[in-house]
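The values are calculated or read from the model by the stated rules, or taken from the named source; none is laboratory data. None of the values given here were measured: they were computed from a predicted structure. We place every Cβ from the backbone using ideal geometry, glycine too, and count neighbours over all the protein chains shown.
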């Protein structure tokens, strides 16, 4: 039986399906579906995008924003992925246990993007969609029990726990965005932070680091700092440098620029951001303009900051982000 992504899949429709699930040890229905969609014949991006569209229910526009792509481009990629599944006769079943590792990168990518869409929605009135992030954490817990010897699986769980611990502090009573620097750290979930740090430490002891473990280490630096002033920004900058070895993306470069700016001063950070902007890789990405605006504000260059904030405001896609940027724009324009 070939998998039709446009149909609502149901397990137990044939002996191959049941046997594959039993052999693999994957018994959670949602996780079984994700492993099924993440077939190695598809590109990693196609696996992640198709699974998010088919199983997580994200729209093509939401997936496109997650990949920093246009909606039209992502729609074409999804169509091509579906066609490849049909033309190649890719079977709709969970692979046996010894083949699961080759699908792990795609599965981790799906779970993390699902979490991110819940933790920081790409569109709409709500910045946080807790049901999505909670489901992602649940799936990661199931996966860690299934694959206890995979340190990157544990790294992803740690990363999501450490981010989720700050969830309630990210928006105020009016639903407005509160930046990490201004959050009430006493409202962070100490138990979740403790669990995340413990899971990360156990993963790192295996001596096989990877991008999720590095990102979790960055999150741990934030979560374990009692005050913003106690944040170890030099360590965070170094970790982003390490992360760029695994993920040489412009978004990682932007985050590295932020860390450098906090560690060495806004001029150093602004220089990196402007170099990144000149390369054009993050054109249309509101956080590039917002980061540039923040460094300009810290340097007292209010008119230039206002221009950058206005550009970020035009590009932002959630109401909470737009309100935050609007307040910043008003501050530097007054």
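With the requirement that a residue be within 21 Å of the chain's Cα centre (by Cα) and free of Cβ contacts under 8 Å to residues at least 40 places away in the same chain, what does segment 215-232 give you? Quick ask: steps written out before the conclusion?
Let us first name the residues in segment 215-232 that are within 21 Å of the chain's Cα centre (by Cα), namely 215-224.
217, 218, 221, 224 - these are the residues of segment 215-232 that are within 21 Å of the chain's Cα centre (by Cα) and free of Cβ contacts under 8 Å to residues at least 40 places away in the same chain.
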Checklist entry - Taking the condition outside any loop (DSSP other than H, G, I, E, B), in contact with a helix residue (DSSP H, G or I) (Cβ under 9 Å, 6 or more places away or on another chain), modelled with pLDDT of 50 or more and more than 25 Å from residue 133 (Cβ to Cβ), does residue 72 pass? => result yes
Item to check | Any chance residue 268 is part of a helix (DSSP H, G or I), over 15 Å from residue 216 (Cα atoms), at pLDDT 95 or above and touching a helix residue (DSSP H, G or I) at 6+ places or on another chain (Cβ under 8 Å) | outcome: yes
Checklist outcome for this item: Per the list (1) within 18 Å of the chain's Cα centre (by Cα); (2) surrounded by 14 or more Cβ atoms within 10 Å (Cβ to Cβ), residue check on residue 245 breaks on (2)
Item to check | Residue satisfying all of: in segment 115-130; assigned to a helix (DSSP H, G or I) and modelled with pLDDT under 80; surrounded by the fewest Cβ atoms within 10 Å (Cβ to Cβ) among these | outcome: 130
Checklist entry - Which members of segment 155-184 meet the condition of being in a loop (DSSP other than H, G, I, E, B) and farther than 30 Å from residue 210 by Cβ? => result 172, 173, 174, 175, 176, 178, 184
Checklist entry - When only residues in segment 288-320 that are closer than 19 Å to residue 67 by Cα and modelled with pLDDT under 95 count, which is surrounded by the fewest Cβ atoms within 10 Å (Cβ to Cβ)? => result 317
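Quick one: would you say residue 21 is under 23 Å from residue 146 (Cα atoms), crowded, with 17+ Cβ neighbours inside 10 Å, under 24 Å from the mean Cα position of the chain (by Cα) and modelled with pLDDT under 65? Give the steps one after another, and end with the answer.
Numbers: under 23 Å from residue 146 (Cα atoms): yes; crowded, with 17+ Cβ neighbours inside 10 Å: yes; under 24 Å from the mean Cα position of the chain (by Cα): no; modelled with pLDDT under 65: yes.
Spelling it out, it is not the case that residue 21 is under 23 Å from residue 146 (Cα atoms), crowded, with 17+ Cβ neighbours inside 10 Å, under 24 Å from the mean Cα position of the chain (by Cα) and modelled with pLDDT under 65.
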